[in-house]
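Okay, so here's the structure we're looking at.
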Amino acid sequence: MARKTHRPDDILWTVTTADIDAARSEKQDVTLGEVLDTKYPRKSLVKLFEEKLIHINGHKATPKDVISEGDEIWIAMAKEKIDHEPIEMNLHILYEDDDLLIVDKPASVTVNSKDQVSLANGVAYYFKEHGIKRKVRFLNRLDRDTTGCIVIAKSGLAQSLYQQQMDDNTFEKWYMATVEGIVEADEDSLVFPMERSADGIHYEVNPKGKETRTDYSVLCRHQSQPVDKSVNKSKNFVDIASKNVDKSGQNVYKSVYNSQECGYTEVLVRLYTGKTHQIRVAFSHIGHPLIGDILYGAQPTGQPFQLRAQKVVFTHMRTGERITVTA
């Protein structure tokens, strides 16, 4: 529904010569739709135009309206109904702006499951308490026992923009994992086709599947020996993989439960595609399942497998600044 007042999360900008030049074709006039196409995915704007939420100089606009340098563009964010039952939950918020909420997901909680309390219910409660009248849109998914950065878009426009960054691999997703055995290569790119297996539970490497890419760098190798459960002593394990991540002394998630006869390896992983169980399947396929991941062939430890979404890096949709968020 159209409205007359600005909200803090609305998008306001003045058309520049650069905007006109970027959109200009052979014809002389440049339309609003042509300029917006250079900035936002077209499909994300359809509903906003339908609901009369895009304006030029304070007047409701259409994609065919001709614009000029100096025109004021106002994109009003649509008000929505929260689409999950709000249930109070202690959320560990890592980052928030007008368009994104990033929280640190704990283990043993699903992202969004029917007929059970999930992280979506906690986010819905947070939205309700803070007057964020929007649907809960997860931009990434984590397994029940995977912890770390989970990203929620606050609008359809933000969802489309950041999903485009994910598709272009400019939205970086980094993980920390501990796997069985000694991984010999210091770094590698694991490119495998994957699909759901016949049992409907596992995923597997299969020539008929969709191609996936999982890059890793070895952080630390531990030969067979009793495991010190306080292995968090190193401050800068991430720096070992300096080619792939900034040297900022970020916190690293490590907690090994049982000593392994063949030792174990800690790896830093960058995920380029988003297939279900992708990291788990890839390392199992090369003979190094995640410690405790009995679904993919690891020895039982009595504890969840060890995988943490350690950080995300993206380009802010309003400022163009590169943002790094670490769990």
* Provide a single number: the residues in segment 289-307 that are in contact (Cβ under 8 Å) with a residue 24 or more places away in the chain and open to solvent by 30 Å² or more (accessible area, probe 1.4 Å). => 5
* Looking at (1) part of a loop (DSSP other than H, G, I, E, B); (2) under 30 Å from residue 38 (Cβ atoms); (3) of a type in the set (Gly, Ala, Ser), which is the only condition residue 158 fails? -> (1)
* Asked: What strands (runs of 3 or more DSSP E) lie completely within segment 33-109 and have 2 or more residues being more than 20 Å from residue 315 (Cα to Cα), touching a Pro at 6+ places or on another chain (Cβ under 8 Å) and in contact (Cβ under 8 Å) with a residue 60 or more places away in the chain?
  -> none
* Of the numbered conditions (1) touching a Gly at 6+ places or on another chain (Cβ under 9 Å); (2) modelled with pLDDT under 95, residue 114 fails exactly one; give the number of that condition. => (1)
* Residue count, segment 154-169 (criterion: more than 22 Å from residue 82 (Cβ to Cβ) and either touching a Lys or Arg at 6+ places or on another chain (Cβ under 6 Å) or among the β-branched types (Val, Ile, Thr) (or both)) -> 0
* Asked: Which of the residues spanning segment 155-180 are β-branched (Val, Ile, Thr) and open to solvent by 30 Å² or more (accessible area, probe 1.4 Å)?
  -> 170
* Condition met for residue 61 (within 16 Å of residue 78 (Cα to Cα) and at pLDDT 90 or above) -> yes
* Asked: Of the conditions (1) surrounded by 22 or more Cβ atoms within 10 Å (Cβ to Cβ); (2) more than 28 Å from residue 219 (Cα to Cα); (3) not aromatic (Phe, Trp, Tyr), residue 148 fails just one. Which one is it?
  -> (2)
* Look through segment 1-30, keep the residues that are touching a residue at least 24 places away in the same chain (Cβ under 8 Å) and over 33 Å from the mean Cα position of the chain (by Cα), and return whichever of them is least open to solvent (accessible area, probe 1.4 Å). => 30
* Structure fact -> Residue pairs qualifying under the 7 Å Cβ cut-off, at least six apart or on distinct chains, with the first in segment 254-275 being closer than 16 Å to residue 327 by Cβ and of a type in the set (Gly, Ala, Ser) and the second being buried (at least 16 other Cβ atoms within 10 Å of the Cβ) and modelled with pLDDT under 95, are 255/306
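One line per residue, one yes/no per condition, for (1) in a strand (DSSP E or B); (2) more than 20 Å from residue 86 (Cα to Cα); (3) touching a Cys at 6+ places or on another chain (Cβ under 9 Å); (4) of a type outside the set (Gly, Ala, Ser):
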site: 114; (1), (2), (3), (4): no, no, no, yes
site: 127; (1), (2), (3), (4): no, no, no, yes
site: 134; (1), (2), (3), (4): no, no, no, yes
site: 152; (1), (2), (3), (4): yes, no, no, yes
site: 173; (1), (2), (3), (4): yes, yes, yes, yes
site: 179; (1), (2), (3), (4): yes, yes, no, yes
site: 185; (1), (2), (3), (4): no, yes, no, no
site: 188; (1), (2), (3), (4): yes, yes, no, yes
site: 192; (1), (2), (3), (4): yes, yes, no, yes
* To do: Output the number of the condition that residue 198 fails; it satisfies all remaining conditions of (1) outside any strand (DSSP E or B); (2) more than 20 Å from residue 140 (Cα to Cα); (3) in contact (Cβ under 8 Å) with a residue 60 or more places away in the chain.
  => (3)
* If you check residue 206 against the conditions, is it within 30 Å of residue 77 (Cα to Cα) and either within 15 Å of the chain's Cα centre (by Cα) or free of Cβ contacts under 8 Å to residues at least 24 places away in the same chain (or both)? -> no
* To do: Within segment 251-266, identify whether any single residue is crowded, with 16+ Cβ neighbours inside 10 Å, more than 27 Å from residue 99 (Cβ to Cβ), in contact with a Leu (Cβ under 6 Å, 6 or more places away or on another chain) and at pLDDT 95 or above, and answer yes or no.
  => yes
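The values are calculated or read from the model by the stated rules, or taken from the named source; none is laboratory data. This structure is a prediction, so every number in the text was calculated from the model and none was measured. A quick note on method: Cβ atoms are made from the backbone with ideal geometry, for glycine too, and the neighbour counts reach across all protein chains shown. For accessibility, only protein heavy atoms count, side chains too; no ligands or nucleic acids. Shrake-Rupley method; radii C 1.70, N 1.55, O 1.52, S 1.80 Å.
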